[in-house]
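All remarks here apply to the structure that follows.
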Amino acid sequence: MATFGNVLLVESSPNQVPDKFVYPRSIYYTMNPQDPVTVVVTHRVVAGLEKSYEEWAQGITQAARTFDLALGVNLIRPQTSASREYVIIFKFSSREAMSRWEASDERRQWAERRRLFTIDEPTVHHHYGWDYWFSLPSNASVAPPKYKMAFITWISIYPLALFMPMLLRPVTQHFHVAIEVLIVAAVIVPLMAWVIMPFMIRIFSKWLYPHD
């Protein structure tokens, strides 16, 4: 198991279906339990069993969609005929909701059936915080290009970086410049995460996801 920024990678034992995913101690105690979570699962499918896998995938996505706390599920097929990697994206309203699904008997039964069609264990990514800004909407088939994500982030943070230091100047002018920058960043980061970026994603959704 390893962490890369806000992304947690969990690899299951080849001979065990995990009852739940395990979180590093640092993330477990600092993550808001009510924050939404996106779980990205990648499967390598046995050659010739793609149709059977897709039938299985439709079944588990339907089961997850009817789960009372799941926000949405997406299935992404391989981009080329040579690739046999499928991706399933689960979105949950909170960490507790995700844990309830992952600990459910229904999910465990679907996970057991999956072994008939896949090679090795799946790769699982958990996304929190800012990674959730650009997570796929419920009807999206592909993530937006990185240049679009960079552009939205740039035009969102520019006015904050321009005006926030001036607005906070009456408060920060008595501090050392390092403390002043720290205070400005402490204001900008929450605004970006919970106010500005969600608003910008809604405004530019048709440009980010033109085919959905």
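There is at least one residue in region 84-93 that is surrounded by fewer than 18 Cβ atoms within 10 Å (Cβ to Cβ) and more than 14 Å from Val45 (Cα to Cα). When Tyr53 is tested against the conditions (1) hydroxyl-bearing (Ser, Thr, Tyr); (2) surrounded by 16 or more Cβ atoms within 10 Å (Cβ to Cβ); (3) at pLDDT below 80, the lone failure is (3). Looking at Ile179, is it buried (at least 16 other Cβ atoms within 10 Å of the Cβ) and out of contact with any Pro (no Cβ under 8 Å at 6 or more places or on another chain)? No, not satisfied. The set of residues in region 83-127 being basic (Lys, Arg), outside any strand (DSSP E or B) and at pLDDT below 85 consists of Arg84, Arg95. In region 63-74 there is at least one residue that is at pLDDT below 85, exposed (fewer than 13 other Cβ atoms within 10 Å of the Cβ) and not in a loop (DSSP other than H, G, I, E, B). Restricting attention to region 22-50 and to residues that are surrounded by 17 or more Cβ atoms within 10 Å (Cβ to Cβ) and in a loop (DSSP other than H, G, I, E, B), the residue that is modelled with the highest pLDDT turns out to be Pro36. Would you check if Pro190 is in a loop (DSSP other than H, G, I, E, B) and either of a type outside the set (S, T, N, Q) or at pLDDT 90 or above (or both)? So Pro190 does not fit the description; no. For region 155-212, the set of residues classified as more than 30 Å from Ile76 (Cα to Cα) and under 19 Å from the mean Cα position of the chain (by Cα) consists of Val189, Pro190, listed by residue number. The residue pairs whose first member lies in region 60-87 and is under 17 Å from Trp101 (Cβ atoms), whose second member is at pLDDT 80 or above and among the aliphatic types (A, V, I, L, M), and whose beta carbons are closer than 6 Å, counting only pairs six or more residues apart or on different chains, are Thr61/Leu75; Leu69/Ala97; Ala70/Ala64; Val73/Ala64; Asn74/Ile89; Leu75/Ala57; Leu75/Ile88.
The values are calculated or read from the model by the stated rules, or taken from the named source; none is laboratory data. In this text the structure is predicted, and so the values were computed from the model without any measurement. So basically every Cβ, Gly included, is an ideal-geometry build from the backbone, and we count neighbours across all protein chains shown.
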